[in-house]
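Okay, so here's the structure we're looking at.
Readers should treat all values here as calculations from the given coordinates under stated rules, not as data from a laboratory. Because the structure is predicted, anything quoted here is derived from the model rather than measured. Here the Cβ positions follow ideal geometry from the backbone for every residue, glycine too, while neighbour counts run over all protein chains shown.
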Amino acid sequence: MKRVLLLGAGHAQVAVLAALAQQRLAGAEVLLVSATERLVYSGMVPGLMVGRYRLDDCSLAVAPLAAAAGVEWLLGRATALDAAAQTVALADGQCIEYDVLSLNTGPTQNRDRIP
């Protein structure tokens, strides 16, 4: 069985998850690794910062999206990518092998610096 690794939960991965929710990939195991539990829509961050939006208004929970797509979700942060060996190392020491890799980490914000 082939492994498809979705690394990061950026906007494009949401489109992939939506497509997989409609039609699964035959003969493939799909794994999503995301460093955060929520995908924040970057276009709404300015409104979030000034109090126009709440975090729930401009973000999506990753786990339910993955579940609806039949995708295994793992909360983790990638620290290294070896394209020749087709592996991704995670901060917790795990090494994940893949046959197909989709990278879409999206923007990252240091939310501790936002009052």
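Per-structure values
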{"read-out": "Spin-label model distance (nm) - R77 vs D56, 7 Å beyond Cα toward Cβ", "value": "2.8 nm"}
{"read-out": "More than 24 angstrom apart: percent of Cα pairs within the chain", "value": "29 percent"}
{"read-out": "Radius of gyration and maximum dimension Dmax of segment 7-48, Cα, Å", "value": "12.7, 43"}
{"read-out": "Between helix 11-22 and the chain: long-axis angle, C-alpha atoms, 0 to 90°, nearest 10", "value": "60 degrees"}
{"read-out": "Considering only the chain, percent of DSSP beta bridges that pair antiparallel, nearest 5", "value": "40 percent"}
